[in-house]
Amino acid sequence: MTSSGTEKALSLLRRLPRVSIGNLGPNPGAHNEKRRGRGIYGGKTHGAGSGGSGQRQNFMRVGYETGNTPFYLRFSYQTYYKGHHLKLSYTPLCMGKLQMMIDTNRLRCDVPVDVTQLMATGLFSISPQQKEGGFMLENEGIDHFKATINIEVQWANEAVIASVERNGGFITTAYFDPLSLTAAIKPVEFFGRGIAIPRRMLPPQHLIDYYSDPKNRGYLADPAEVARERFLLAQKYGYELPDVNASPNKDILLERKDPRQIFFGLEPGWVVNLKDKVILKPTDPELKEHFAS
Amino acid sequence: EHHCIMAQRLFYPTLRNSLRCFGTTPGWQTEAVAVPQAPSAPLILNETSEIDKNVAEVAREAWIETLDPSGENLHVGLIHLHPKVFATYPRLDIIHENVVWQQKYRMVNTSHTKLRSEVRGGGRKPWPQKGTGRARHGSIRSPLWKGGGVVHGPRAFTTQFYMLSFGKRIMGLTSTLSAKFAQDDLKIVENLDMPSDEAGFLEKLCEDRCWGPSVLFVDDCDLMPRNITVATDTINHINLMPVYGLNVYSMLKHNTVVLTVSASQCIEERILHHLNKPDYHLINCAKCYNK
């Protein structure tokens, strides 16, 4: 059922003269015939008056209030924005939206899902320069979340973790420093720069606790403790924890990144040449040691 | 279940009229249909593209004709055309933009006026600053003077080049194809094989079928069969074009546009590819597409 507007238009066209070059025209208001302004009074710009400093475009500095203390200088510091330049914000991703993306084949779940895969859907934009840290999973839609995925995000709460693990999936929270995040969200552009893949930096002081905590499935936490927490969470929320060994996607679900790794399958120090389809690896022992540390 | 019922119905030729709703089910499958035809004619019921199969819109049907009038049937088969390419809303303003762009982007303005520095003369101060009682002037070629230079006039070899956004160009193609198809000016032909290489034969064929005076034949490959090439060589208003040369201006300039089956499939595949790709949101991004 084509929209009635389209059907109407096409059936109208059948009765109208043939669409030809001589028949066509722009939409009303499409072309703005701007003429160059002249004169100082009614000439419609291009005149700055005559005489005086106004004619010479002498403006005072922005914010100057002709002598009194201007607004931007009246208040020295406000406590509410202390440390704002250190705080990260995360792009919210609802579980319902995640499920929709998987159902419509927008997001692949036959590979481990991380920032790169989520950005590849084209539905999100992240700017690490504006202190954005990545993705955080939200509670909206956890009740009907059904996919079994191996997902890596930057922030997740307990309920979200439970909803992922209930379906046999795995969730990890991982920190990406701004440089690594820039590389991770736009890999092709990054490879085009021709520099070696950097090592991912460890989280700052106020975040290290979060990512070392097995309750948050942090990537720096002890895997044994994480497994224990999985079991405990299943008991708390009252679901049976599916056995991963029985699942057909076992390899994909158990794949994890090294704390210093940005991309799956690529190590720090490698240079990826997409044009010649070649990966260059460092041979110097000092470099190798540096990138492996 | 729904597909099962559909499949059952399809096997009953008497219920062929109910086939009209066949296109509305998601997923249009290739099914043989009993069309009353001579048994010698091959039946082609084409499902074209792999991309964008599940559409809610009805697929448009077109006869597949042949350029060989000697056969028993003029119509050799039936082809399904994808609605998102051949039955979109005909955006006439976008078609206009495309036509204007095609004409303008190659334009170079050669009109030229001289500046006050370029006009011959005018280096000397015509009369002293004070004392003469006349207005003060520095040069006889200033813009105030008759015969003086022009300030903001046209300067030669100003290009009118600009690139229409990729999305608009795609929409121009789909709108034009839809408009042509809606107005019965789009014909699908099996191939461009003709029995005769005479210009007169082709002109008579076009006249018999009420194909407009000007006809544009579009084929998949740029090496066309010999007969049609020879026939159209002398006729200026009947032209051959490979698929990659398809453009809005040419389609509008010619009254009838005749696509071969392979050309229409190629066009569909390419347009649907662009309409369905994951980075579709970048389609109007000048950085990526307007090179």
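Computed from the coordinates by the stated procedures, all read-outs in this text should not be read as laboratory data. Just so it is clear, the structure is predicted and the values come from calculations on it, not from any experiment. Glycine gets a Cβ as well: all are built from the backbone with ideal geometry, and neighbour counts include every protein chain shown.
Net charge near B:Ser196: determine it from the other residues with C-beta under 13 Å of the C-beta of B:Ser196, scoring Lys and Arg +1 and Asp and Glu -1.
-3
Using all C-alpha to C-alpha distances in chain A, build P(r) with 5 Å bins and read off the rounded percent in each one.
That works out to 1, 4, 8, 10, 11, 10, 8, 7, 7, 7, 7, 7, 6, 4, 2, 1, 0, 0, in percent per bin.
Send over the Kirkwood Rh of the stretch A:63-183, from the inverse of the averaged 1/r over different Cα pairs, rounded to one decimal Å.
With all distinct Cα pairs of the stretch A:63-183 included, I get 16.4 Å.
Express in nm, to one decimal, how much length is gained between B:Asn73 and B:Thr113 on full extension, taking 0.36 nm for each residue of separation and deducting their alpha carbon distance.
This chain segment gains 7.9 nm when fully extended.
Taking the 0 to 90 degree range and rounding to the nearest ten, how far is the long axis of helix A:223-237 tilted relative to the main principal axis of chain A, both from C-alpha atoms?
In chain A, helix A:223-237 runs at an angle near 80 degrees to the longest axis.
Pick out, from A:Ala246, B:Pro83, B:Gly138, the residue whose Cα sits farthest towards the positive end of the charge dipole of the protein assembly as shown, with +1 on the Cβ of Lys and Arg and -1 on the Cβ of Asp and Glu.
Toward the positive end, the furthest listed residue is B:Gly138.
Shape verdict for the stretch A:201-269, please, from the Cα gyration tensor: rounded (a/c under 1.5), prolate (a/b greater than b/c) or oblate.
It comes out oblate by the Cα gyration axes.
Pulled fully out, how much extra length does the chain show between B:Glu61 and B:Arg106, if you take 0.36 nm times their separation in residues and subtract their Cα-Cα distance?
So the extension gain works out to 12.5 nm.
Springs between alpha-carbon pairs under 10 angstrom, Gaussian network model over chain A: which of A:Gly265, A:Gly25, A:Gly218 fluctuates most?
Largest GNM mean-square fluctuation: A:Gly25.
Among A:109-120, B:137-148, B:103-114, how do they line up from the highest to the lowest mean number of other beta-carbon atoms within 10 Å?
A:109-120, B:137-148, B:103-114
Can you give me the relative contact order of the stretch B:83-161 as a percent, contacts being Cα pairs under 8 Å and 6 or more apart?
RCO, the stretch B:83-161: 39 percent.
Taking only DSSP H segments of four or more residues, each worth -39500 (n - 2.57), what value at 222 nm results for the protein assembly as shown once the sum is divided by all its residues, to the nearest 500 deg cm²/dmol?
Roughly -8500 deg cm²/dmol at 222 nm, from the helical runs in the protein assembly as shown.
What relative contact order, as a whole-number percentage, does the stretch A:63-189 give when Cα pairs under 8 Å and 6 or more residues apart are counted?
26 percent
Check the straight Cα-Cα distances from B:Lys204 and name the lysines below 21 Å, setting aside those fewer than 8 residues away within the same chain.
B:Lys187, B:Lys253
On a 19 Å Cα-Cα criterion, which of the cross-link pairs B:Lys53/B:Lys277; B:Lys84/B:Lys168; A:Lys131/A:Lys288; B:Lys168/B:Lys277; A:Lys87/A:Lys131; A:Lys146/A:Lys250 come out too long?
From the list (B:Lys53/B:Lys277; B:Lys84/B:Lys168; A:Lys131/A:Lys288; B:Lys168/B:Lys277; A:Lys87/A:Lys131; A:Lys146/A:Lys250), the Cα-Cα distance tops 19 Å for A:Lys131/A:Lys288.
Given an 8 Å cut-off on Cα distances and at least 6 residues of separation, report the relative contact order of the stretch B:209-274 as a percent.
Reported relative contact order: 47 percent.
Roughly how tilted is helix A:4-15, in degrees to the nearest 10 and between 0 and 90, from the longest Cα axis of chain A?
Helix A:4-15 sits at roughly 50 degrees to that axis.
Could the peptides B:183-190, A:98-105 be put in order, highest first, of the mean number of other beta-carbon atoms found within 10 Å of their residues?
My ranking of the peptides, most packed first, is B:183-190, A:98-105.
With unit charges on the beta carbon (Lys/Arg positive, Asp/Glu negative), name the residue among A:Pro178, A:Asn150, A:Ser76 whose Cα is farthest towards the positive pole of the charge dipole of the protein assembly as shown.
Positive-end residue among those listed: A:Ser76.
Would you please name the GluC sites (Glu not before Pro) within the stretch B:62-105 that are DSSP coil residues with at most 12 other C-beta atoms within 10 Å of their C-beta?
Sparse-neighbourhood loop GluC sites (Glu not before Pro): B:Glu72.
Checking the cross-link filter: which aspartates and glutamates have an alpha carbon closer than 18 Å to that of A:Lys277, excluding same-chain neighbours under 8 positions apart?
A:Glu189, A:Glu267
Quote to one decimal, in nm, the extra length available between A:Gln130 and A:Val188 on full extension: 0.36 nm per residue of separation minus the C-alpha distance between them.
Computed gain between A:Gln130 and A:Val188 is 18.8 nm.
Rounded, prolate or oblate: which one fits the stretch B:142-184, using the alpha carbon gyration tensor with axes a ≥ b ≥ c (rounded when a/c is under 1.5, else prolate when a/b beats b/c, else oblate)?
It is prolate, given that a/c is not under 1.5 and a/b is the larger ratio.
Work out which GluC sites (Glu not before Pro) in chain A are exposed loop sites (DSSP not H, G, I, E or B, at most 10 other Cβ within 10 Å) and give the longest gap free of them.
Of all site-free stretches, the longest is A:34-239.
Using Cα springs under 10 Å in a Gaussian network model of chain A, which residue among A:Tyr77, A:Tyr210, A:Tyr175 shows the largest mean-square fluctuation?
Top of the fluctuation ranking is A:Tyr77.
By its C-alpha gyration tensor, with a ≥ b ≥ c as the square roots of the eigenvalues, how is the stretch B:111-217 shaped: rounded for a/c under 1.5, else prolate for a/b larger than b/c, else oblate?
Since a/c reaches 1.5 and a/b is larger than b/c, the shape of the stretch B:111-217 is classed as prolate.
Give the Rg (one decimal place) followed by the Dmax (whole number) of the protein assembly as shown, computed from C-alpha coordinates and expressed in Å.
34.4, 108
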